[in-house]
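Everything below concerns the one structure shown next.
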Amino acid sequence: AQSVTQLDSQVPVFEEAPVELRCNYSSSVSVYLFWYVQYPNQGLQLLLKYLSGSTLVKGINGFEAEFNKSQTSFHLRKPSVHISDTAEYFCAAYGSSNTGKLIFGQGTTLQVKP
Amino acid sequence: SQTIHQWPATLVQPVGSPLSLECTVEGTSNPNLYWYRQAAGRGLQLLFYSVGIGQISSEVPQNLSASRPQDRQFILSSKKLLLSDSGFYLCAWSKVLEAFFGQGTRLTVV
């Protein structure tokens with residue numbers, strides 16, 4: 001089945017510490033991969049995307065992600081988080097045989113503590 | 001530039017009442033359109049998507065339906081709401097892979 005799995009539902013971290021949010025995808029989805037961020041009661045905003053080329057992708061707000069084909073992972077990282085990074089983060093991919101179907105992981109709530 | 005409009009922002013409806021949520025996109029043509037529902041602690045669930053006028057794919061059997069009467073209009077409907085239909089509904093569009101989201105509708109069924 002097509003799936004995107006986010007391994008952590010909540011990640012608490014102190015301000016200025018590094019963070020990694022994990023995402024694994026099934027082999028039945030495409031390798032068009034995305035990370036979105038959602039602030040409370042708002043829509044989703046694109047952080048970064050991997051379509052092809054370099055496996056290290058840099059996005060907005062200092063985030064980056066690395067595409068790892070052998071481990072079917074696309075983990076999101078930030079070397080030093082801020083209070084304002086507190087939000088919900090979603091990993092997403094298109095179905096491999098159907099690029100009209102965009103599926104999301106379950107989401108990870110990043111809680112940055114002072 | 002492209003924009004997406006979704007309304008209303010909040011809605012409180014009694015059980016058994018009908019529902020109609022509308023989403024329109026401006027500044028692009030023939031986009032893929034999506035309806036998602038976000039329930040507390042359950043992530044983002046794809047409900048329907050459409051790759052063209054009148055073409056609707058349903059992902060989850062449920063009490064809802066979707067229609068695409070025009071190229072840039074996507075409507076989510078129900079004839080009779082259930083308590084379990086409460087949640088945060090998001091409309092999105094995509095073209096050339098990247099997706100853009102509306103601000104969402106908070107639906108509370110009472």
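The values are calculated or read from the model by the stated rules, or taken from the named source; none is laboratory data. All figures in this text were calculated on a predicted structure; none of them were measured in a lab. Neighbour counts are summed over all protein chains in view; Cβ atoms, including those assigned to glycine, are modelled from backbone coordinates with ideal geometry.
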I need the full set of residues from segment A:28-67 which are in contact (Cβ under 8 Å) with a residue 60 or more places away in the chain and outside any strand (DSSP E or B), in order please. A:SER28
Please find, within segment A:8-22, the residue that is nearest to the other protein chains (Cβ to nearest Cβ) out of those that are surrounded by 14 or more Cβ atoms within 10 Å (Cβ to Cβ) and out of contact with any His (no Cβ under 8 Å at 6 or more places or on another chain). A:ASP8
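Out of A:VAL81, A:VAL4, report the one residue that is farther than 23 Å from B:GLY104 by Cα and among the β-branched types (Val, Ile, Thr). Even if it seems obvious, please write down each step before you answer.
On the way: A:VAL4 fails: farther than 23 Å from B:GLY104 by Cα.
A:VAL81 is the lone residue from the list that is farther than 23 Å from B:GLY104 by Cα and among the β-branched types (Val, Ile, Thr).
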Scan segment B:62-70 and give yes if some residue there is closer than 29 Å to A:VAL31 by Cβ and surrounded by fewer than 15 Cβ atoms within 10 Å (Cβ to Cβ), otherwise no. no
Can you name the condition, by its number, that B:ASN30 falls short on among (1) within 14 Å of chain A (Cβ to nearest Cβ); (2) assigned to a loop (DSSP other than H, G, I, E, B); (3) without any contact (Cβ under 8 Å) to a residue 60 or more places away in the chain? (3)
Given (1) surrounded by fewer than 20 Cβ atoms within 10 Å (Cβ to Cβ); (2) modelled with pLDDT of 90 or more; (3) within 13 Å of another protein chain (Cβ to nearest Cβ); (4) in contact with a Lys or Arg (Cβ under 6 Å, 6 or more places away or on another chain), index of the condition B:GLN45 fails: (2)
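Looking only at segment A:74-114, which residues are closer than 23 Å to B:LEU90 by Cβ, in a loop (DSSP other than H, G, I, E, B) and polar (S, T, N, Q)?
A:THR86, A:GLN106
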Exactly one of (1) out of contact with any Asp or Glu (no Cβ under 9 Å at 6 or more places or on another chain); (2) surrounded by fewer than 16 Cβ atoms within 10 Å (Cβ to Cβ); (3) hydroxyl-bearing (Ser, Thr, Tyr) is unmet by B:SER1. Its number? (1)
Which one is farthest from the other protein chains (Cβ to nearest Cβ), of the residues in segment A:23-43 that are surrounded by fewer than 14 Cβ atoms within 10 Å (Cβ to Cβ) and of a type in the set (Ser, Thr, Tyr)? A:SER27
Selection within segment A:60-112 - surrounded by fewer than 19 Cβ atoms within 10 Å (Cβ to Cβ), away from chain B (no Cβ under 14 Å), of a type in the set (Gly, Ala, Ser) and farther than 17 Å from A:VAL13 by Cα: A:SER70, A:SER73
Looking only at segment B:62-80, decide whether some residue is modelled with pLDDT under 95 and closer than 26 Å to A:SER9 by Cα. yes
Kindly check whether there is at least one residue in segment B:10-18 that is modelled with pLDDT under 95, within 21 Å of A:PRO40 (Cβ to Cβ) and within 14 Å of another protein chain (Cβ to nearest Cβ). yes
For the structure I just gave you, tell me whether A:LEU46 is facing chain B (nearest Cβ under 9 Å) and either under 11 Å from the mean Cα position of the chain (by Cα) or closer than 30 Å to B:TRP7 by Cβ (or both). yes
